[in-house]
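Visitor: Can you keep this structure in mind? I'll have questions shortly.
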Amino acid sequence: MTDIRIYSLGEVKTLYAKPLLELIYDAATVHRVYHAPDEVQLCTLLSIKTGGCIEDCKYCSQSIHNNAELEKETLLKVDEVLAQARTAKDSGSTRFCMGAAWRDVKDGRAFDRVVEMVQGVSDMGMEACVTLGMLSEDQAKRLKHAGLTAYNHNLDTSEEHYKKVTSTRTYQDRLDTIENVAKAGVSLCCGGILGLGEKEEDRIQLLHTLSCLDPQPESVPINILVPVKGTPMANMKRVDIFEWIRCIAVARILMPRAMVRLSAGRLELTREAQAMAFMAGANAIFTGDKLLTTPNPEKNEDMELLEMLGLKGLKPFESREERAA
Ligand code: SAM
Ligand code: DTB
Ligand code: SF4
């Protein structure tokens, strides 16, 4: 990443404080250097193991410490997952992301099954991404060997604010897994959530920390908290949409090569807000009517929006070999 400039915390602060429209202009300029500005990657999420997680993330529907109404499910079968991946591919997705409500990955039958899922998705020519909690370097290597494109492990917020969000693990635990992923040569998908009661300073810290990861994340999901009834964060104040746009623009400038993903929270957004986010450098969305456990905009609404804005989905690959070429 030789051509990528690493900004100091002070510089990120200055950037974040720029007049919004000027910041968006700068981000759009960077975006055009590194990416085709009319292309948006369509990704599909699937929860392969739902609920029953022993971590206590205060935003999450899947934690046993919270009281969200949720149907728990054991790990899905490989065939079932691959059938859904095929459907996602047929409807234009080029990346399939599988999420498990685990604190960490235990070696054994369940992990073997996930490795098979990754292999199957990769063989279809789709990018395969998983998010399984804490991971060792050896486990990351196995996933890489099976064809994993990226491992998702979010930092969520600043180190300081993190303590108010989750108490069963530390920021350092997250950074350790991120390091294991890097050591295995797997790309990282790492971002955060806005609306966890954080201050502007926390958002700046998070963006700075993400941009200092070496290598920088290949993908940066920017989630807006989806308030889930029964979780301690169900009644949080909604995040200001211009703050969200500001974070997207700063992420784009700090991490010019990354895919900046509009993740959770799009259902509540207007078309205009999403258009502004694309202008500010976002270039990926999750499509399909469900994220992991919460709803997402209908596919045809997303397609209409992209068409209206003159954007198009990335072209899918036919095989793993074609993708690697
Ligand atoms: N258990 C694994 C972990 O925490 O890394 C993987 C699954 S977890 C559900 C994946 C990510 O979804 C979290 O890191 C968090 O950023 C995001 N997430 C979970 N619940 C959310 C919510 N209610 N609103 C927005 N983002 C959420
Ligand atoms: C990410 O940052 N956002 C996605 C993906 N990575 C795994 C997950 C969003 C989950 C939203 C809450 C839910 O549907 O349970
Ligand atoms: Fe578990 Fe991940 Fe939810 Fe935290 S975010 S409770 S680790 S599933």
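Visitor: Just one of the numbered conditions (1) within 16 Å of ligand 2 (Cβ to nearest atom); (2) open to solvent by 50 Å² or more (accessible area, probe 1.4 Å); (3) at pLDDT 95 or above; (4) part of a helix (DSSP H, G or I) is not true of Leu267; which one?
Guide: With respect to (1) within 16 Å of ligand 2 (Cβ to nearest atom); (2) open to solvent by 50 Å² or more (accessible area, probe 1.4 Å); (3) at pLDDT 95 or above; (4) part of a helix (DSSP H, G or I), Leu267 is out only on (3).
Visitor: Does any residue of segment 72-86 turn out to be open to solvent by less than 70 Å² (accessible area, probe 1.4 Å) and within 18 Å of the chain's Cα centre (by Cα)?
Guide: yes
Visitor: Moving on. Which of the residues that make up segment 205-239 are away from ligand 1 (no atom under 13 Å from the Cβ), of a type in the set (A, V, I, L, M, F, W, C) and either buried (at least 20 other Cβ atoms within 10 Å of the Cβ) or not in a helix (DSSP H, G or I) (or both)?
Guide: Leu207, Leu213
Visitor: Quickly run through segment 21-49 and pick out the residues that are open to solvent by less than 30 Å² (accessible area, probe 1.4 Å) and in contact with a helix residue (DSSP H, G or I) (Cβ under 7 Å, 6 or more places away or on another chain).
Guide: Within segment 21-49, Leu23, Ile24, Ala27, Ala28, His31, Val40, Thr44, Leu46, Ile48 qualify.
Visitor: How do the pairs read when you match residues in segment 27-55 that are within 14 Å of Gly288 (Cβ to Cβ) with residues anywhere that are away from ligand 2 (no atom under 16 Å from the Cβ) and not in a loop (DSSP other than H, G, I, E, B), using Cβ under 6 Å and keeping only pairs 6 or more apart or on different chains?
Guide: Leu42/Gly313
Visitor: For residues in segment 130-150 being of a type in the set (A, V, I, L, M, F, W, C) and in contact with a Ser or Thr (Cβ under 6 Å, 6 or more places away or on another chain), which is farthest from ligand 3 (Cβ to nearest atom)?
Guide: Ala150
Visitor: Does Leu196 satisfy being within 16 Å of ligand 2 (Cβ to nearest atom), open to solvent by less than 50 Å² (accessible area, probe 1.4 Å) and touching a strand residue (DSSP E or B) at 6+ places or on another chain (Cβ under 6 Å)?
Guide: No.
Visitor: Are any of the residues in segment 293-310 assigned to a loop (DSSP other than H, G, I, E, B), open to solvent by 50 Å² or more (accessible area, probe 1.4 Å) and modelled with pLDDT under 95?
Guide: The answer is yes; a qualifying residue exists.
Visitor: In segment 10-123, which helices (runs of 4 or more DSSP H) lie fully inside it and hold 2 or more residues that are within 16 Å of ligand 1 (Cβ to nearest atom)?
Guide: Filter on segment 10-123 gives 109-123.
Visitor: Looking at Tyr59, Tyr7, Tyr34, can you tell me which residue is of a type in the set (Phe, Trp, Tyr) and farther than 30 Å from Thr170 by Cβ?
Guide: Exactly one residue qualifies, and that residue is Tyr34.
Visitor: Sticking with this structure for a sec: Looking only at residues that are open to solvent by less than 30 Å² (accessible area, probe 1.4 Å) and in contact with a Lys or Arg (Cβ under 6 Å, 6 or more places away or on another chain) in segment 51-71, which one is nearest to ligand 3 (Cβ to nearest atom)?
Guide: Of everything passing the filter in segment 51-71, Glu55 is nearest to ligand 3 (Cβ to nearest atom).
Visitor: Is it true that Tyr171 is open to solvent by less than 40 Å² (accessible area, probe 1.4 Å) and more than 14 Å from ligand 2 (Cβ to nearest atom)?
Guide: Here the answer is yes, as Tyr171 does meet what is asked.
The values are calculated or read from the model by the stated rules, or taken from the named source; none is laboratory data. Since the model is a prediction, treat every value here as computed from it, not as a measurement. So basically every Cβ, Gly included, is an ideal-geometry build from the backbone, and we count neighbours across all protein chains shown. What goes into the accessible areas is simple: the full protein's heavy atoms, side chains included, and nothing from ligands, DNA or RNA. Shrake-Rupley method; radii C 1.70, N 1.55, O 1.52, S 1.80 Å.
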